[in-house]
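The values are calculated or read from the model by the stated rules, or taken from the named source; none is laboratory data. Keep in mind that this is a model prediction, so the values were computed, not measured. As a convention, Cβ positions derive from the backbone with ideal geometry for all residues, glycine included, and neighbour counts pool all protein chains shown. Areas reflect the complete protein model, heavy atoms only, side chains present, ligands, DNA and RNA absent. Shrake-Rupley method; radii C 1.70, N 1.55, O 1.52, S 1.80 Å.
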Amino acid sequence: MRRYGALQEEALSAVARRLVAPLPDSPVVMDVGCGAGAMSVPLVSALREHGGGVLVLVDATPELLDAACTAARAESDGAVSVKPVLADLATEDPLSFAGPVELIWGSRVIHHLPDQLRGVRRLVSALAPGGWLALAEGGLETRFLPWDLGVGEPGLQDRMAAARAEWFVSMREKMTGSVRLPVGWNVALADAGLGEISAFSFVVDHPAPSKHLVREWAVDRLTWLSEITGSYLHPADRDALRRLLNPSDSEYVGAREDVFLLETDTIHLGRRR
């Protein structure tokens, strides 16, 4: 998570400044599902530039929450109060975390909830009048591998993307109480009672020849994809993945200079009336 956050830092800093700019003085901002703090630090920095405020960090994993809190407080320089809350958005009321807030940020969190629309509505209920909800959900498929790797058949990444889509459907279906969300995020935000709905996307671009950090991240990403998609892939693709993830192999992805990182994430915005 820290490697990925470091690679996103520049883009997320610009996003944080854009989201904080229209907020009133001394706003309360909530980062739900904060993870290790990839967006927490940019939000603290943006709040500090804005004149100060409060940042509420929410996560269900103590180790991640501690990491995010430590990083955010180091950036706050005393101008921003950082409040960690150990809680699960799926079962606990966001209003109990901090009371009404002016901005709620959630990145790739809602799609992990059994009832996504209910989750959005619960976040909306925690907004102050005129407050903003910003959800980073969707975008374009992350690219990081050449089309022809010289291992197995060309197009491995596209086949993994298709397999990941199958895995995601299966993951959602196996959730207890899972409810489909058969609309786009703009419609979901409107159904949850928000107005002034819009969206924008940001790009993270680290081209080849790759930095060491990109190669380390590529190993992480490919390991995760291998774990979740393996059962959906042809045996030949699984063999190729084993070679790419073997540090002793000549084709080890962590030693390749032709890996890269190119992704586009979309942020969906709505304002409480």
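If only residues of region 5-35 that are under 18 Å from L213 (Cβ atoms) and touching a strand residue (DSSP E or B) at 6+ places or on another chain (Cβ under 9 Å) are counted, the one that is most open to solvent (accessible area, probe 1.4 Å) is E10. Entry remark, region 105-123: residues being open to solvent by less than 10 Å² (accessible area, probe 1.4 Å) and either within 23 Å of V41 (Cβ to Cβ) or touching a residue at least 40 places away in the same chain (Cβ under 8 Å) (or both) number 5 in total. Here is a check on your reading of the model: is E75 charged (D, E, K, R), modelled with pLDDT under 95 and either open to solvent by 30 Å² or more (accessible area, probe 1.4 Å) or in a helix (DSSP H, G or I) (or both)? When the stated conditions are applied, E75 passes them. Scanning region 39-61 for residues that are in a loop (DSSP other than H, G, I, E, B) and either of a type in the set (S, T, Y) or surrounded by fewer than 22 Cβ atoms within 10 Å (Cβ to Cβ) (or both) yields G51, G52, A60, T61. Criterion applied to G150, G195, G177 was being touching a Pro at 6+ places or on another chain (Cβ under 6 Å) and more than 18 Å from T264 (Cβ to Cβ), and the one residue passing it is G177.
Could you go through region 113-129 and let me know if any residue there is of a type in the set (D, E, K, R) and closer than 23 Å to R18 by Cα. Scanning region 113-129 turns up no residue that is of a type in the set (D, E, K, R) and closer than 23 Å to R18 by Cα. For the criterion of being under 21 Å from E137 (Cα atoms), at pLDDT 95 or above and in contact with a helix residue (DSSP H, G or I) (Cβ under 9 Å, 6 or more places away or on another chain), L47 fails.
Scanning region 122-155 for residues that are among the basic types (K, R) and in contact with a helix residue (DSSP H, G or I) (Cβ under 8 Å, 6 or more places away or on another chain) turns up just one, R143. Annotation: of all residues in region 202-218 being of a type in the set (V, I, T) and in contact with a Leu (Cβ under 7 Å, 6 or more places away or on another chain), the one that is farthest from S107 (Cα to Cα) is V214. Filtering A16, A21, A68, A36 for residues that are farther than 18 Å from S107 by Cβ and among the aliphatic types (A, V, I, L, M) leaves a single hit, A21. Looking across A199, A161, A165, A134, one residue alone is within 19 Å of R108 (Cβ to Cβ), free of Cβ contacts under 8 Å to residues at least 24 places away in the same chain, aliphatic (A, V, I, L, M) and in contact with a strand residue (DSSP E or B) (Cβ under 9 Å, 6 or more places away or on another chain). It is A161.
If the condition is being touching a residue at least 12 places away in the same chain (Cβ under 8 Å), open to solvent by 40 Å² or more (accessible area, probe 1.4 Å) and either among the hydroxyl-bearing types (S, T, Y) or in contact with a Phe, Trp or Tyr (Cβ under 9 Å, 6 or more places away or on another chain) (or both), then region 78-92 contributes S81, K83.
Residue pairs, Cβ under 7 Å, 6 or more apart or interchain, first in region 252-273 and at negative phi, second open to solvent by less than 20 Å² (accessible area, probe 1.4 Å) and in a loop (DSSP other than H, G, I, E, B). List them. Final answer for the pair search is V253/V259; E257/S210; V259/F144; V259/L145; V259/S210; F260/F144; F260/S210; L261/F144.
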